[in-house]
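Taking it in order: structure first as structure tokens, then the write-up.
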Amino acid sequence: MVVQSRQKSNANLHCREVEFEVGDYVFLKVTPMRSVMRCGVKAQLGHGHNVFHVSMMSKYTPDPSDIIEYEAIPLQEDVTCEEQPIRILVRELKVLRNREIPIVKVLWQNHREDEATWESKSKMYEKYPHLFNFQLELVL
């Protein structure tokens, strides 16, 4: 019983009281998945509405002096979006035990260069061959 009470107290330290009403403005924290099949927002769907966990939202009170720049990202019906690669920044060979795996660092649409991700070269070539059309490969 003492252990349960301690666990409940520790869990409650990280909880916050939040109430939202229909029509409230919120900031929605999203983290894209990092892989060739990329998704922006992944939400639970229920009763024909998009449902997000309260921990992903923070209340926003509109203020005319706020300047919020954003780029609209087209969402599909299941509240996902597929990001497109812009270009390959770096190519490397990753050594795993006795195998070499070609990987590429990819800059994605709507992301900064420091958010570029490492992807399998073969998977990227399979899905986005146009990225490899005009890039010369150095052969030693």
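Return the loop-located GluC sites (Glu not before Pro) in segment 53-113 (DSSP other than H, G, I, E, B) with at most 10 other Cβ atoms within 10 Å of their own Cβ; answer none if there are none. Don't skip to the answer; put the middle values down first.
Values: sites: GLU69, GLU71, GLU77, GLU82, GLU83, GLU92, GLU100, GLU113; in loops: GLU69, GLU71, GLU77, GLU82, GLU83.
Passing both the DSSP loop test and the Cβ count: GLU69, GLU71, GLU77.
The per residue volume of the convex hull around the alpha-carbon atoms of segment 70-111 is 104 Å³. For LYS105, a cut-off of 20 angstrom between C-alpha atoms picks up these aspartates and glutamates, skipping any fewer than 8 places away in its own chain: GLU82, GLU83, GLU92, GLU113, ASP114, GLU115, GLU119, GLU126, GLU137.
Work out the FRET efficiency for VAL18 and ILE67 from their Cβ-Cβ distance, taking R0 = 22 Å, and round it to the nearest 0.05. Show your work: numbers first, answer last.
On the way: r = 25 Å, r/R0 = 1.15.
That pair, VAL18 with ILE67, gives E of 0.30.
Restriction of the trypsin sites (Lys or Arg not before Pro) in segment 82-128 to DSSP coil positions whose beta-carbon has at most 14 other beta-carbons within 10 angstrom yields ARG97, ARG112. Taken over segment 85-132, the alpha-carbon convex hull comes to 67 cubic angstrom per residue.
Taken together, the values in this text are just the output of simple stated rules run on the coordinates, not laboratory data. All figures in this text were calculated on a predicted structure; none of them were measured in a lab. All Cβ positions, even for glycine, are placed from backbone atoms using ideal geometry, and neighbour counts span all protein chains on display.
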